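**Student:** Mind having a look at this structure? Questions to follow.
Coordinate-derived values only; no laboratory data. As the structure is a computational prediction, the values presented were derived from the model and not from experiment. No Cβ is skipped: glycine too gets one built from the backbone with ideal geometry, and neighbour counts run over all protein chains shown.
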Amino acid sequence: MKNTKICPKCNGDNIVIIRNDGHPDGSNGNNIMTKSTILSGVAFVKRYICCYCGYTEEWIDQNDIKMIMNSKKIQK
């Protein structure tokens, strides 16, 4: 859905994006903490939602993926 703007479940084209760039403690979504302090390392998750069937996808920006991969808090 991120790239096509089409729902893979119902082929709907009414897609909304919830940009999870709210409070870094995760209170505005399911942020990923990559460091021990709130302000130093948060990967924000964006949600893509089909307004026809409710199907959702979650995406993380490429820069945040690098931060996650370098985090000592993440199990590999």
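**Student:** Pairs to check: LYS2/LYS66; LYS5/LYS46; LYS5/LYS72; LYS2/LYS72. Give those whose C-alpha atoms are more than 24 Å from each other in this structure.
**Tutor:** From the list (LYS2/LYS66; LYS5/LYS46; LYS5/LYS72; LYS2/LYS72), the Cα-Cα distance tops 24 Å for LYS5/LYS72; LYS2/LYS72.
**Student:** ILE60 versus ILE17, label points 7 Å from Cα toward the beta carbon: distance in nm?
**Tutor:** The two pseudo-label positions are separated by 1.8 nm.
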